[in-house]
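Written out below as structure tokens is the structure these notes cover.
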Amino acid sequence: MRKMHITPVHPGEVLKDELEEIGLTQTALAGHIGVLPKSINDICRGKQGISVEMAMKLSKSLGGSPQFWLNLQNNWELSQLSDDDFQDIELIAA
């Protein structure tokens, strides 16, 4: 069986693509969900992650579940870890 490896993208890339697809500006989204435009811009540029609160707001305004947005964030964060991050960790139970 062949394993398919997909490199996760930052959730901001998905958000940016979604906004472009529906013709909504970052500023307009920020105003609609009650956050600063800088917050949306930082997410879209990959400088900020998606919190639980932001996931709820994006879900309500753009669709998709909050879990969708959080899964994107979790997958991204896991993809940024290296084997060295686990070097000093031992298995507790065999």
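The values are calculated or read from the model by the stated rules, or taken from the named source; none is laboratory data. Since we're looking at a predicted model, the values are computed, not measured. Virtual Cβ from ideal backbone geometry, glycine too; neighbours counted across all protein chains shown.
Summary table below
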item	result
Unmet requirement for VAL35, which otherwise passes all of (1) within 19 Å of VAL9 (Cβ to Cβ); (2) outside any helix (DSSP H, G or I)	(1)
Any hit, region 65-82, residues being modelled with pLDDT under 95 and in contact with a Phe, Trp or Tyr (Cβ under 9 Å, 6 or more places away or on another chain)	no
Only listed residue being within 21 Å of GLU77 (Cα to Cα), in contact with a helix residue (DSSP H, G or I) (Cβ under 6 Å, 6 or more places away or on another chain) and of a type in the set (Gly, Ala, Ser), chosen from ALA55, ALA30	ALA55
All positions within region 1-32 that are in a loop (DSSP other than H, G, I, E, B), at pLDDT 95 or above and aliphatic (A, V, I, L, M)	LEU24
Qualifying residue in region 3-15 (condition: farther than 25 Å from LEU81 by Cβ and surrounded by 12 or more Cβ atoms within 10 Å (Cβ to Cβ))	no
Answer from SER51, SER82 - the residue that is among the polar types (S, T, N, Q) and under 9 Å from the mean Cα position of the chain (by Cα)	SER51
